Amino acid sequence: MAQWLKDQARALVRRAGYDLVRTARPDPLYVEPSFDAQTELPPGATEKLRPNHPRLLELRERYARCGVPMGQRTMWRPQYLESELTLARFRGDNSYVWQFRNIGDDARFKYFVYLRDLESRDPRNLVTTLGEDGLFGCWTFEYPGHPTVSRDLLDSVNEIYFLNRHTGVLDQPGAVVLDIGAGYGRLAHRLVKAAPGLGTYICVDAVAESTFLCEYYTRFRGVADTVDVVPLDEIDARIIGQPVDIAVNVHSFSEMSTAAIEGWLEVVAATGAHWLLVVPNDNEQLLTFEDDGERKDFSALPARYGYELTANEPIFPDPTVRQITNMNYQFFLYRRTGA
């Protein structure tokens, strides 16, 4: 009976000049959060990285009481994190880094194009020296004759070279970096390893889970002596007034409200940071994520806090690479007026 109904439906559709075609189901990797479970977790990680860990519970309680505007969470609400994040596999494809969902399909090919482009402009050989071990659920890609890579590694190296080209951060002994929306400490780990003479790398985030993971990850990677992870309710005491050379916000302002962005820009201005790097999620657009889901243009906000746009470049100089990878993100670099 079922087959007869299908045949009748198809006959009707064909009489109208169309046909019924079975389409392949999309690969879940490209539409859902995921992680690579093949690489074992380091000893003690399961015990530490659990939702009911006392330190995480403490941070959640403190952040809930913290009345600063940066604490307004419009995208990163608890239900969003619950659906996106497996705590012990925090380097998978999730709310911190989209490793498959950002590119559409054929990830292995597209990341090879990314790798080859980056290798062509990697004079310090950072792709190899910084390396990738795939820990904590990170998806990795291997190609004969090339180092193992991940989006974490490739994005970090690309961002480091952009910053170095404009600010000379790799050759600035004692430089201080402020990372707003630092997540689990991806860029902190990579930049400190690439620039061992760095002064302090300060990580801040309005999400308790991020601070918790960043504390753990920077200790695990052996960079805690240089990285200072500052909880949201300690910003006034530990950051305001401290001189900062470079402030960065990578794929984070785009997930905040106008009020939260302004709160962070006040912090940046109070440190006197010479440079501010913003990498939005929306290619050439600088858009907020408001409480009701509305997206508002925030391109005028940095100027209100004394920062003028000095460089706006695609993350890949080669337009063919942008087209193939489906990555059309832009670097927005601001300089403090009069700095």
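The values are calculated or read from the model by the stated rules, or taken from the named source; none is laboratory data. This structure is a prediction, so every number in the text was calculated from the model and none was measured. All Cβ positions, glycine included, derive from the backbone under ideal geometry; neighbour counts span all protein chains shown. Surface areas here come from the heavy atoms of the whole protein model, side chains and all, with no ligands, DNA or RNA. Shrake-Rupley method; radii C 1.70, N 1.55, O 1.52, S 1.80 Å.
Please find, within segment 268-291, the residue that is nearest to the chain's Cα centre (by Cα) out of those that are polar (S, T, N, Q) and assigned to a loop (DSSP other than H, G, I, E, B). Explain how you work it out, then say what you get.
First, pick out the residues of segment 268-291 that are polar (S, T, N, Q): 271, 281, 283, 285, 288.
Filter once more, so that each one left must be assigned to a loop (DSSP other than H, G, I, E, B): 281, 283, 288.
Working: ASN281: 9, ASN283: 14, THR288: 16 Å.
If we take residues in segment 268-291 being polar (S, T, N, Q) and assigned to a loop (DSSP other than H, G, I, E, B), then ASN281 is nearest to the chain's Cα centre (by Cα).
Close Cβ contacts (under 8 Å, 6 or more residues apart or on different chains) running from residues in segment 88-102 that are within 23 Å of HIS53 (Cα to Cα) and in a loop (DSSP other than H, G, I, E, B) to residues that are acidic (Asp, Glu) and open to solvent by 20 Å² or more (accessible area, probe 1.4 Å) comprise GLY92/ASP36; ASN94/GLU84; SER95/GLU84. Within segment 251-267, restricting attention to residues that are outside any helix (DSSP H, G or I) and either out of contact with any Gly (no Cβ under 7 Å at 6 or more places or on another chain) or among the acidic types (Asp, Glu) (or both), the residue that is surrounded by the most Cβ atoms within 10 Å (Cβ to Cβ) is MET256. Tell me which residues, restricted to segment 27-67, are in a loop (DSSP other than H, G, I, E, B), farther than 28 Å from TRP139 by Cα and of a type in the set (Gly, Ala, Ser). The answer is GLY67, and nothing else. Among the charged types (D, E, K, R), surrounded by 20 or more Cβ atoms within 10 Å (Cβ to Cβ) and within 19 Å of ASP205 (Cβ to Cβ): does that describe ARG77? No, not satisfied.
Being open to solvent by 80 Å² or more (accessible area, probe 1.4 Å), among the aliphatic types (A, V, I, L, M) and over 26 Å from TYR111 (Cα atoms) narrows it down to one residue among LEU309, LEU301; which is it?
Working: LEU301 fails: open to solvent by 80 Å² or more (accessible area, probe 1.4 Å).
Answer to the check: LEU309.
The criterion of at least 3 residues that are open to solvent by less than 10 Å² (accessible area, probe 1.4 Å) and free of Cβ contacts under 8 Å to residues at least 40 places away in the same chain is met, among helices (runs of 4 or more DSSP H) falling completely within segment 125-201, by 151-167.
Looking only at segment 212-244, residues that are β-branched (Val, Ile, Thr) and modelled with pLDDT under 95 come to 1 in all.
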